[in-house]
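This report refers to the structure that appears directly beneath it.
The values are calculated or read from the model by the stated rules, or taken from the named source; none is laboratory data. Just so you know, these numbers come straight off a predicted model, no measurement behind them. Glycine gets a Cβ as well: all are built from the backbone with ideal geometry, and neighbour counts include every protein chain shown.
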C-alpha cells in the first residue's frame, strides 16, 4: 500500500487490488475494480425526464430521431470523462475547485444556482419514481411519493458503509433498467433496418421534430452529474505520481465509455420501443402514464409492467443520485452539509407541494428541465475552464482535438438549451434548411 493512498470507502482488499493495478502488477485481472463512478453518473442519462422525451420522440416520429440520441450520448461521454479526469488529477470535486479558486462574489451565486438545480433534478426524479409505484400498485400519486421517499432514503443509508455498497446498489438498478428495455425490444415489433439507418442518418421532418430534438440534446448533460462524477472519481484513491494518474484516467475513460454507452443504448431502446409500439397509430402520446395505459391493450400487460418496473428503477436510483449530488454541491461550495435525512425530506417537499396544488406531473417534469437549462452553464463552463488549465491539470490538461471537441460540445449543448428555453416561452424556431 505504500504506492497508493486509500480513501474512506475502499476495503483493504480492494485498495490493494487497485494499488496493484495502478502499479502495473495485475495485468487485466479484476476488470471491474475501477467501476463505479461512471455507473452512478450514468443514471442522470436514464432518468424519468429521458423517459418522457424519448417516448414522445418515438411515438411521433418513429425512428427518425435516433441519431439525436447518438449525438447526445457522445457529448455526454466527453463531458463525464472530463469531470472524472478533473477529480482524479486534483483529488477535489468541481464545486470545491470553484470555492478554492474563484472569488466569493462568484462562487456564492454559483452555489445558489447549483442548489436550485439539484432540487429541480430531484423533483423530476422523485416524481418519476412515484408515478411508477402509483401505476404499478394502483395507488394515489401521493402514496407513491411517500413510498418512493422511504425507498430512496433506505438506499441512501448504504452510504454509511462507504461508497462501494452504494455503487453496487445503483449498478443493480441500472442493470434492471437495461434488462427491462432488452425485454421490451423482444416484445415490441422493431423495424431494425430503419432503426439502424436513422441512427446514423440525420433528419428533422418538421419544426416539431426540432423541438423534440432540442429537448433530447439540450437537456442531456445534467448539472448535478458533472459535479458528482468529479467527486466520486476523486474520492476513491489518491494516485501518487503522474504515471498512476495517467493509468487511472485511462481506466476511468474505459468505464465512461462502457457506462455511458449502456445509457445511450437504453435511450435508443426507449425511442425504438415507442416507435414500434405507438408509431404511427398513437402519435399523440407524450406522457408516461398515457404510454403505460396504451401499452397494455397493444402488447399485453407484461410489456406495460416491464415499462413501469424500468421507470421505478430509474426514478428511485436517479433520486438517490440527485440527493448525493446535492450534498456534494453544498459541501464543496460552502464547506458544510446537512444530514442526509434532512436533505431527503427537503427535496421531497416541492414534489408534494406541486402535486398537492394539482399540477400535472409531466408538466412539473418540463418545468424542472427549464431550471436545469438555466443552471447548466455554471458547471459546464467551470469544467471546461479547469480541465484546460495546465497549471492545475499538468500534463493531463485537456488540449488539442479533445479541447476543440469539448468546446464544440459546450456550444451545441448551451445553444440548444437557449433554443429549448425560447420554445418553452413561446418563441417559434425555424427549421434548418
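Filtering 141, 158 for residues that are surrounded by 15 or more Cβ atoms within 10 Å (Cβ to Cβ) and farther than 18 Å from residue 322 by Cα leaves a single hit, 141.
Beta carbons closer than 8 Å, at least 6 apart along the sequence or on distinct chains, pair a first residue in the range 280-309 that is in contact (Cβ under 8 Å) with a residue 40 or more places away in the chain with a second that is buried (at least 19 other Cβ atoms within 10 Å of the Cβ) and assigned to a loop (DSSP other than H, G, I, E, B) for 280/62; 291/285; 299/188; 303/188.
At pLDDT 85 or above and either under 16 Å from residue 58 (Cβ atoms) or surrounded by 23 or more Cβ atoms within 10 Å (Cβ to Cβ) (or both): does that describe residue 305?
Against the criterion (at pLDDT 85 or above and either under 16 Å from residue 58 (Cβ atoms) or surrounded by 23 or more Cβ atoms within 10 Å (Cβ to Cβ) (or both)), residue 305 does not qualify.
Pairs linking a residue in the range 231-251 that is in the same structural domain as residue 322 (by TED's automatic domain parsing) and over 28 Å from residue 322 (Cα atoms) to a residue that is at pLDDT 80 or above and outside any loop (DSSP other than H, G, I, E, B), with Cβ atoms under 9 Å and 6 or more positions apart or on different chains, are 242/394; 242/395; 242/396; 246/395; 246/396. Condition check: modelled with pLDDT of 80 or more, closer than 26 Å to residue 169 by Cβ, assigned by TED's automatic domain parsing to the domain that holds residue 156 and in contact with a helix residue (DSSP H, G or I) (Cβ under 7 Å, 6 or more places away or on another chain). Does residue 334 satisfy that? In short, no.
Residue 325 satisfies every condition listed in (1) under 25 Å from the mean Cα position of the chain (by Cα); (2) on the phi > 0 side of the Ramachandran plot except (2). Criterion first (within 23 Å of residue 289 (Cα to Cα), out of contact with any strand residue (DSSP E or B) (no Cβ under 8 Å at 6 or more places or on another chain), at pLDDT below 90 and assigned to a helix (DSSP H, G or I)) does residue 368 satisfy it? For residue 368, the condition - within 23 Å of residue 289 (Cα to Cα), out of contact with any strand residue (DSSP E or B) (no Cβ under 8 Å at 6 or more places or on another chain), at pLDDT below 90 and assigned to a helix (DSSP H, G or I) - is met. Within the range 138-156, restricting attention to residues that are free of Cβ contacts under 8 Å to residues at least 12 places away in the same chain and in a helix (DSSP H, G or I), the residue that is farthest from residue 353 (Cα to Cα) is 154.
Among the conditions (1) at pLDDT 85 or above; (2) surrounded by fewer than 18 Cβ atoms within 10 Å (Cβ to Cβ); (3) assigned to a helix (DSSP H, G or I), the only one that residue 173 does not satisfy is (2). The helices (runs of 4 or more DSSP H) located wholly in the range 185-294 that include 3 or more residues which are at negative phi and within 20 Å of the chain's Cα centre (by Cα) occupy 207-218, 223-234, 242-278.
List the helices (runs of 4 or more DSSP H) inside the range 38-129, counting only whole elements, that have at least 1 residues being in the same structural domain as residue 392 (by TED's automatic domain parsing) and over 18 Å from residue 386 (Cα atoms). Full working, then the answer.
Numbers: elements: 48-61, 66-90, 94-101.
Per the criteria, 48-61, 66-90.
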